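K.L.:
Below is a structure I'd like to ask you about.
Read-outs: derived from the displayed coordinates by stated rules, not from any lab. It should be emphasised that the depicted structure is a prediction, and the values quoted were computed from it without experimental measurement. FYI the Cβ positions are ideal-geometry reconstructions off the backbone, even for glycines, and counts take in every protein chain you see.
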Amino acid sequence: MQNFLKELKISELNKGVSTGTKWFSASGEKIISSSPVDGKQIASVNSCDKRSFDYVVETAQNAFVEWRTWPAPRRGEIIRQIGNELRRHKDILGKLVSYEMGKSLQEGMGEVQEMIDIADFALGLSRQLYGFTMHSERPGHRMYDQYHPLGIVGIISAFNFPVAVWSWNSFIAMVCADVCIWKPSEKTPLCAIACQHIISKVFKENKVPEGVCNLVSGGREVGEWIANEPKIALVSATGSTRMGKAVGAAVGARLGKSLLELGGNNAIIISKEADLNIALVGCLFGAVGTAGQRCTTTRRLIIHEDIYDIFKKKLIQAYRQLKIGDPLKEENHVGPLIDHDAVDAYLNAINQIKKQGGNMALAGGILSGKGFESGCYVKPCIAEVTNDMEIVQHETFAPILYLIKYKTLEEAIEIQNAVPQGLSSSIFTLNLREAEWFLSSKGSDCGIANVNIGTSGAEIGGAFGGEKETGGGRESGSDAWKVYMRRQTNTINYSDTLPLAQGIKFTV
Ligand code: UN1
C-alpha cells in the first residue's frame, strides 16, 4: 500500500458509508479499488445496502431541519474551514487521486486546487445568495424574491474527477443549506473516503448536525436508489450520456429536479489566422491531458485547409515528445486509462476508425514491458476523419484525436455543431470577426465556448455544463447555485386596503 494512504490516517478503508463523522460497515457488494498505475489492489470497500441507504436518507432529512436554520455565512464558515483542511491535505490527496485514478500528479494537485477554489467561491457566495426586488403595481405593496434550500441533494460523480466534481456540488449545496448524499464512482472509492475523512474533522469541531454530508459508496444500484428516492429533491449526475438518460428519466418520472453533466465531443477550430504556437499547446493538453478522460477533452480539431498540413506536422512532432508512464512521476505527461474496459473501448474505436475509412496519422496501441504492467497505458493517437463517421459522433473516453479539414468558417462551425453532444468548444484565431462570429448565436452551440484557449481546464468561477446530449445542467460558478435552491416570490401589503392585481374590482 502506498505511504500516502497511511498519511491520510484512514484506518478502516473498507467502510464506505458515512453520515458525516460516523462510519458504517454496510453489507452491500464489495468494491475493489485497484490502481491503473501499477495494477495493484489498494483496498476493498463495502458498498451501501438498501437499509443503510434508507438510514442515511432519514439522517439527512433530520439534519436538514437544523442545518437550514444556520445563517448562510455561518455555513460558509464551515466551508472555509473545509477549504483550509484541503489546503493542508493538498499534496497527499492529490497523490491519492493520481494513484487511484491514474491522472498525472500535476493534474491530481490541480483537481484538489479546484476544490480549494470552489470552497473560497462558496464562502463568498454565502453572503451573496441574492434575489431581486420588484416594484409592485399596487400601492402600499412590496415584492421580492428569495431563495430557500431544496433539502437533500444526491450527487453521482464519475471516476475522472473523483473529488472536484463532488466539491463543486456539495460546497455550493451546503452553503445553500441543502444536505448532500454522495455516490462516488465505484472505480475511485478511496478518493471519496479520503474526502469524507478530511471534512469530518471540521464537522466534529463545529458540531455540524450529523447527516449534512453523507457518503454512500456503491455501484449502479445505489445510483438507482438515489434517482428513485422522492425525498431527494435534486439529483446532480456526472457521467456518460447513457447513465444520464437513465437518471434523468427516473428523476423526471417523479418530477424531481436533475442537473446532468454528461458526455462531450469537444472541438477546436484552428483558423488560418491563429497563433499556431499557442494553438498547439491548447490542442495537446486538451487531447492528451488526463489521458483523454475529461468530459472537456479535445476530441476533434477542425483545421483550415491552408494550414492543415503544417499544423498536422507540428502536432505529430509534439505527440512524439510526450512521456507516457507512471503519473506520480513528475516528468510524465500521460498516465494510464482507468481500467481494461477503457483500454478495450480505445482499441475498438481505433478499429472502427479504420473500418469507417479514417486514416491513422499517428498510430495508437497498448504499451507493454517494465512500468506498464497494469496493461492500462496506451499511446495517444491521431486520426484523419470526416465528421459524419459514426465513431466520430461518439465520445470515446481515451486519447484519440480526430483531424478534420475546413474551407470556410461557416463550414467549420457547422462541423463543430454537427454532433449530438454540446459541452465545450474553442476557436484559435487572431481575427476579431471570426472570434465574435464563433461566440454569437450563429456560432458554437455548446455550453462552453472559448477563444484562444483549449476546450478543457475550465475555471470554477464560470457555470460548467453543456447542451444537447450533454444534459443541459450547469454547476460550479456564476449563478449555478440557483439550481440548488427553490425560488419564492413574496408580495407584502402594508396598506390598509386590499387592491387586487390587474385592476380587478371585487366588492360584496
Ligand atoms: C469533467 O471532466 O467531468 O474543465 C470535469 C475541465 C475541468 C473539469 C472537468 N475543470 O476540464
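K.L.:
For the stretch 435-508, which GluC sites (Glu not before Pro) pass both filters: DSSP loop (anything but H, G, I, E, B) and at most 12 other C-beta atoms within 10 Å?
P.N.:
Details: sites: Glu436, Glu459, Glu467, Glu469, Glu475; in loops: Glu459, Glu469.
Qualifying residues, ordered by number: Glu459.
K.L.:
Given charges of +1 on the Cβ of Lys and Arg and -1 on the Cβ of Asp and Glu, with all other atoms neutral, how large is the dipole of the stretch 266-451 about its Cα centre, in debye to the nearest 20? Let's see the in-between values first.
P.N.:
Working: 18 positive and 22 negative charges, 95 e Å.
So the dipole magnitude of the stretch 266-451 works out to roughly 460 debye.
K.L.:
Can you return the lysines within cross-link range of Lys272? Criterion is Cα-Cα under 25 Å, with same-chain partners fewer than 8 residues away left out.
P.N.:
Lys312, Lys313, Lys314, Lys405, Lys407, Lys442
K.L.:
From largest to smallest, what semi-axes in whole angstrom does the stretch 266-451 give when each is the square root of 5 times an eigenvalue of its alpha carbon gyration tensor? Before the final figure, lay out each step's value.
P.N.:
Numbers: eigenvalues 156, 58, 44 Å².
For the stretch 266-451, the semi-axes come out at 28, 17, 15 Å.
K.L.:
Go through Lys183/Lys204; Lys90/Lys370; Lys95/Lys187; Lys9/Lys95; Lys103/Lys329; Lys9/Lys90 and tell me which ones have a Cα-Cα distance over 18 Å in this structure. Display every interim value, and only then the final one.
P.N.:
Numbers: Lys183/Lys204 22 Å; Lys90/Lys370 30 Å; Lys95/Lys187 16 Å; Lys9/Lys95 14 Å; Lys103/Lys329 11 Å; Lys9/Lys90 14 Å.
Long pairs (Cα-Cα over 18 Å): Lys183/Lys204; Lys90/Lys370.
K.L.:
Can you tally the net charge around Ala287? Count Lys and Arg as +1, Asp and Glu as -1, for every other residue whose Cβ sits under 12 Å from the Cβ of Ala287. Walk me through the intermediate numbers first.
P.N.:
Details: positive: Arg294, Arg299, Arg300; negative: none.
Computed value for this residue: +3.
K.L.:
Now for a different question. May I ask you to evaluate 6.51 cos²θ - 1.76 cosθ + 1.60, the Karplus curve with θ = phi - 60°, for each residue of the stretch 434-442 and list the ³J(HN,Hα) values in order in whole Hz, giving x for glycine and proline?
P.N.:
The phi angles translate into 5, 4, 5, 4, 4, 8, 7, 5, 8 Hz.
K.L.:
Then there's this: If packing is taken as the mean number of other Cβ atoms within 10 Å per residue, what is the order of 278-284, 166-172, highest first? Mind showing how you got there, number by number?
P.N.:
Numbers: 278-284: 20.3, 166-172: 28.4.
Result, highest mean Cβ count within 10 Å first: 166-172, 278-284.
K.L.:
While we're here: Per residue of the stretch 483-493, what does 6.51 cos²θ - 1.76 cosθ + 1.60 with θ = phi - 60° give for ³J(HN,Hα)? Whole Hz please, x for Gly and Pro, Karplus curve as stated.
P.N.:
5, 8, 9, 9, 8, 10, 9, 10, 10, 10, 9
K.L.:
I've got another one for you. Would you work out which of Ala418, Leu260, Pro149 lies farthest towards the positive end of the dipole of the chain, given +1 charges on the beta-carbon of Lys and Arg and -1 on that of Asp and Glu, about the Cα centre?
P.N.:
About the Cα centre, the residue reaching furthest to the positive side is Pro149.
K.L.:
Taking the highest mean first, how do the peptides 350-363, 44-57, 101-114 order by number of other beta carbon atoms within 10 angstrom per residue? Intermediate values should be presented prior to the final figure.
P.N.:
On the way: 350-363: 14.9, 44-57: 20.2, 101-114: 23.2.
Order by mean packing, descending: 101-114, 44-57, 350-363.
K.L.:
Helix-only estimate, please: 222 nm mean residue ellipticity of the chain, summing -39500 (n - 2.57) across DSSP H runs of length 4 or more and dividing by its residues, to the nearest 500.
P.N.:
Values: 14 runs with 184 residues, N = 508.
Value at 222 nm, helices only, nearest 500: -11500 deg cm²/dmol.
K.L.:
Further question on the same structure: Based on DSSP, what percent of beta bridges with both residues in the chain are antiparallel, to the nearest 5? Intermediate results must be reported in sequence, preceding the final value.
P.N.:
Values: 28 of 70 bridges.
Around 40 percent of the beta bridges assigned by DSSP in the chain are antiparallel ones.
K.L.:
So who's got an amide H within less than 5 Å of the one on His141, skipping anything under 5 residues away but keeping other chains? H placed 1.01 Å off N, in plane.
P.N.:
Answer set, sorted by chain and number: Tyr494.
K.L.:
What is the stretch 113-205 by shape, rounded, prolate or oblate, if you read a ≥ b ≥ c off the alpha carbon gyration tensor as root eigenvalues and call it rounded for a/c under 1.5, prolate for a/b larger than b/c, and oblate otherwise?
P.N.:
On the way: a/c = 2.96, a/b = 2.58, b/c = 1.15.
Note, shape of the stretch 113-205 comes out prolate.
K.L.:
Output the 0 to 90 degree angle, nearest 10, between the alpha-carbon long axis of helix 50-67 and the longest principal axis computed from the alpha carbons of the chain.
P.N.:
With rounding to tens, the tilt is 60 degrees.
K.L.:
In whole Å, how far is the Cα centre of the stretch 149-188 from that of the stretch 363-428?
P.N.:
Between the Cα centre of the stretch 149-188 and that of the stretch 363-428, the gap is 29 Å.
K.L.:
May I pose another question? Counting Lys and Arg as +1 and Asp and Glu as -1, each charge on the Cβ, what is the dipole of the chain about the Cα centre in debye, to the nearest 20? Walk me through the intermediate numbers first.
P.N.:
Values: 55 positive and 55 negative charges, 155 e Å.
Here the chain has a charge dipole of around 740 debye.
K.L.:
Work out the charge dipole of the stretch 266-451 with +1 on the Cβ of Lys and Arg and -1 on the Cβ of Asp and Glu about the Cα centre, then indicate which of Gln293, Phe397, Leu280 is farthest towards its positive end.
P.N.:
Checking the options against the dipole of the stretch 266-451, the answer is Leu280.
K.L.:
If you restrict to DSSP beta bridges whose two residues both lie in the stretch 266-451, what percentage is antiparallel, to the nearest 5? Kindly include the intermediate steps, with their values, before the conclusion.
P.N.:
Details: 4 of 27 bridges.
Percentage antiparallel, nearest 5: 15.
K.L.:
Same structure, new question: Report, in degrees rounded to the nearest 10, the 0 to 90 angle that the Cα long axis of helix 72-88 makes with the longest principal axis of the chain.
P.N.:
30 degrees
K.L.:
Putting +1 on Lys and Arg Cβ atoms and -1 on Asp and Glu Cβ atoms, find which of Ser167, Phe438, Gly466 reaches farthest to the positive end of the dipole of the chain.
P.N.:
Projecting each Cα onto the dipole axis, the largest value belongs to Ser167.
K.L.:
Here's something else I'd like to know. Take the Cα of Glu305, step 7 Å along the line toward its Cβ, and report every residue of the stretch 331-358 whose backbone nitrogen sits under 13 Å from that point.
P.N.:
Flagged as within label range: none.
K.L.:
Now for a separate question. Within 10 Å, count the other beta carbons around each residue, average over each peptide in 388-396, 173-181, 215-223, and list them highest first.
P.N.:
The packing order, highest mean first, is 173-181, 215-223, 388-396.
K.L.:
Residue-wise, which Karplus ³J(HN,Hα) couplings in Hz belong to the stretch 172-188, taking 6.51 cos²θ - 1.76 cosθ + 1.60, θ = phi - 60°, and x for glycine or proline?
P.N.:
Each residue's phi maps through the Karplus curve to give 5, 4, 5, 4, 6, 6, 7, 10, 10, 10, 10, 10, x, 5, 5, 8, 9 Hz.
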